[in-house]
Amino acid sequence: MTSTAIDQEPGSDDSPAVAARRRLGLRWWKELLYVAAFYGIYSIVRNTFGSAGSTSQLASETAYGHALDVIKIERFFHLFVEPPLQSWYLSLPGNGLIRGWNIYYGTAHFVVTIVALVVLFRRDPTRYPTWRNTLAIMTAIALVGFASFSLMPPRLLDNTSEYGACFHRQPACHHFDLNDTLESYGGLWSFDSGAMSKVSNQYAAMPSLHTGWSTWCAFVLVPMIRRRRWKILMAMYPVATVFGIMITGNHYWLDAIGGLIVFGVGYLLGSWLAAFNERRREARLAMAPTA
C-alpha cells in the first residue's frame, strides 16, 4: 500500500473529519459565502485607494515618498540590498529564468492559499476555525496598510509608465538601477495593461501579503504532510516567496517583515476568536435540554 503526502479523509460519513465539521458547524457553502463577501470588501478597498483608485500625480508622489522613507530605513541598517540582489540574479545564465519567477509571483500567491484552505477544511477541520480566522484578520490588517500607506514597489522606481516614479520626472529621474522584470521579461499578464491596471493596486506593497499568505500556508500544510522531504519543501515555500518578491522587484525586504508581523497578529487574534467561539458553543450545548 502506498502512502500519500497528506493524510486522506475516510470516505464514510462517520469519519472523524466529517464528525468534527458537524460539531463545529462548518458548512462548505457558508465558508464560500464568507470568502465571497470578504473578496467584495477587498475589491472595494483596492479600487478606492492606491493606483487603482487614482492615477493622479498626487497618488504617485505619495507612494514614491513612502518608498524613499522605506529605502532610508533600509540604508540606515546598511541593508538596501534590492538593487544588487536583482542585478546579480539577472546576470545569471538565461537571466535566472526570471519569467518563471514572474509567473510564480502572479499565481502561487492565490493557488497555494486556496488549495491549503480547502485541504484544511476537508482533512483537519478542528484546526480550520483558527487558521481561517488568521487568514481573514491578517488580510484585513493588510488592507488597512494598503489604504493608509501606499508604497511604490522597487520595480516602479525607474519605471516611466504612468504608475512609475520617472513618469513625471524625466529627464531628472533619480535612478536606483532596478528592473521591472514583468515589463522587461514578461509573465502571464502585465500590471500596466488596461484590464489589469483597473483591478490591481500597484502601490499595495506594505505589508507583503505574499509573505504573510505563504507563511500561513506553511503553518497550515506542514502538520498534515507525512513525508519528510515534502514537509521540508513546504516549509521552504515562504523563503522562496520572499526571494521571489525581491528579485522581481515587487517588494522591499521591509515589506516581508511587515507581512510576518500581520501574520503573527492575525494568528494571535484568530486563535483567540476561535477559542472564544468554541467556549460559546460548548456553553450552548451544556444548556441545551437532554433527550
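Looking only at the range 42-62, decide whether some residue is modelled with pLDDT of 80 or more, more than 30 Å from Arg228 (Cα to Cα), within 22 Å of the chain's Cα centre (by Cα) and small (Gly, Ala, Ser). Talk me through it step by step, then tell me what you get.
Going through the range 42-62, the residues modelled with pLDDT of 80 or more turn out to be 59-62.
Checking which are more than 30 Å from Arg228 (Cα to Cα) leaves us with 59-62.
Next, only the ones that are within 22 Å of the chain's Cα centre (by Cα) stay: none.
No: zero hits.
Please specify each residue of the range 254-291 satisfying the condition of being more than 14 Å from the chain's Cα centre (by Cα) and within 10 Å of Ser208 (Cβ to Cβ).
The initial filter retains those residues of the range 254-291 that are more than 14 Å from the chain's Cα centre (by Cα), namely 254, 265, 267-291.
Scanning the range 254-291 gives a single hit, Leu254.
Checking the structure you have, find out if any residue of the range 256-265 is more than 30 Å from Glu61 (Cα to Cα), touching a strand residue (DSSP E or B) at 6+ places or on another chain (Cβ under 7 Å) and at pLDDT 95 or above.
The answer is no; no qualifying residue exists.
Just to confirm my filter: which helices (runs of 4 or more DSSP H) fall fully inside the range 73-162 and include at least 1 residues that are over 30 Å from Phe38 (Cβ atoms)? Let's see the steps before the verdict.
Working: elements: 82-90, 98-123, 128-148.
Of the helices (runs of 4 or more DSSP H) lying wholly inside the range 73-162, those with at least 1 residues that are over 30 Å from Phe38 (Cβ atoms) span 82-90, 98-123.
Collect the residues in the range 223-249 that are surrounded by fewer than 22 Cβ atoms within 10 Å (Cβ to Cβ) and either on the phi > 0 side of the Ramachandran plot or charged (D, E, K, R) (or both), keeping them in residue-number order.
Passing the criteria: Arg226, Arg227, Arg228, Arg229, Lys231.
Output the number of the condition that Ala195 fails; it satisfies all remaining conditions of (1) touching a Leu at 6+ places or on another chain (Cβ under 9 Å); (2) at pLDDT below 95.
Exception for Ala195: condition (1).
Can you run down the residue pairs with Cβ atoms below 6 Å, 6 or more apart or on separate chains, where the first is in the range 261-273 and closer than 16 Å to Gly145 by Cβ and assigned to a helix (DSSP H, G or I) and the partner is at pLDDT 95 or above and among the charged types (D, E, K, R)?
Close Cβ pairs (under 6 Å, with a partner that is at pLDDT 95 or above and among the charged types (D, E, K, R)) do not exist here.
Say whether the condition of being touching a helix residue (DSSP H, G or I) at 6+ places or on another chain (Cβ under 7 Å), closer than 12 Å to Tyr64 by Cα, modelled with pLDDT of 90 or more and of a type in the set (Gly, Ala, Ser) is met by at least one residue in the range 153-169.
No; the residues of the range 153-169 include none that is touching a helix residue (DSSP H, G or I) at 6+ places or on another chain (Cβ under 7 Å), closer than 12 Å to Tyr64 by Cα, modelled with pLDDT of 90 or more and of a type in the set (Gly, Ala, Ser).
Taking the conditions exactly as written (at pLDDT 90 or above, surrounded by 14 or more Cβ atoms within 10 Å (Cβ to Cβ) and either of a type outside the set (D, E, K, R) or touching a strand residue (DSSP E or B) at 6+ places or on another chain (Cβ under 8 Å) (or both)), does Ser214 satisfy them or not?
Working: at pLDDT 90 or above: yes; surrounded by 14 or more Cβ atoms within 10 Å (Cβ to Cβ): yes; either of a type outside the set (D, E, K, R) or touching a strand residue (DSSP E or B) at 6+ places or on another chain (Cβ under 8 Å) (or both): yes.
It is true that Ser214 is at pLDDT 90 or above, surrounded by 14 or more Cβ atoms within 10 Å (Cβ to Cβ) and either of a type outside the set (D, E, K, R) or touching a strand residue (DSSP E or B) at 6+ places or on another chain (Cβ under 8 Å) (or both).
The values are calculated or read from the model by the stated rules, or taken from the named source; none is laboratory data. All figures in this text were calculated on a predicted structure; none of them were measured in a lab. Glycine gets a Cβ as well: all are built from the backbone with ideal geometry, and neighbour counts include every protein chain shown.
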